[in-house]
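Shown next, in structure tokens, is the structure this report addresses.
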Amino acid sequence: MQLPKELGDIPVTFTHFCYLTRDLEHSTASLRALGVRDLERVDFGMGVYVIAELPNGAGMAGEASPGALRIELLSPTSEGNIYSDHLARYGPGLHHIGILVPDFDQYLEAFTKAGCEIVFDMQREALVAAADSVDGASKDAFLENHPTYKMCYLDCSAVGFPTIEMVSL
């Protein structure tokens, strides 16, 4: 995936797009009716999300199929956070596009230099503090397997692009 040239043609790996919903069960059932399959469900403190994959994928549960499109359906379970505030302001719809980058700090510098702004920044300990599990693994297993995990949301509307969830493992 190449981002707009205002972002310097930075090569990234697209991982998913996130759709905020008020009714997770209804949204999940609607996608299942279209042939989308659930891969996992995670309660992470601020909300619950379901990762789903479009039907052309052939991967095993929990693994993305090569070239498959992943959808993260997310429903906030508390008020006063980045997800509930966005849902209240804009209603159901696209929240972010997820990307994976090899060097978090280098890419963060490039994105901010291009005009994107950090709107949410979370280090790995804070991420797992509120969650029962992360990506289907226990907190301890996640921390052990991802010692350099970093994540943030970048508002890239200044360069005509949606919010990005940038992750480095």
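The values are calculated or read from the model by the stated rules, or taken from the named source; none is laboratory data. If you're wondering where the values come from, they're calculated on a predicted model, not measured in any experiment. Please note: Cβ atoms are built from the backbone with ideal geometry, for glycine as well, and neighbour counts cover all protein chains shown.
The C-beta contact set for the range 84-101 (first residue within 24 Å of Phe14 (Cα to Cα), second residue basic (Lys, Arg) and at pLDDT 95 or above, distance under 7 angstrom, 6+ apart or interchain) comprises Leu87/Arg22; Pro92/Arg22. Evaluation of Ser133 against the conditions (1) of a type in the set (Ser, Thr, Tyr); (2) in contact with a Gly (Cβ under 8 Å, 6 or more places away or on another chain); (3) farther than 19 Å from Thr13 by Cβ; (4) modelled with pLDDT under 90 shows that the sole unmet condition is (2).
Candidates Glu109, Glu79, Glu144: the one that is acidic (Asp, Glu), closer than 30 Å to Ser30 by Cα and either at pLDDT below 95 or not in a helix (DSSP H, G or I) (or both) is Glu79. Note on the range 92-124: residues that are among the aromatic types (Phe, Trp, Tyr) and in contact with a helix residue (DSSP H, G or I) (Cβ under 7 Å, 6 or more places away or on another chain) amount to 2.
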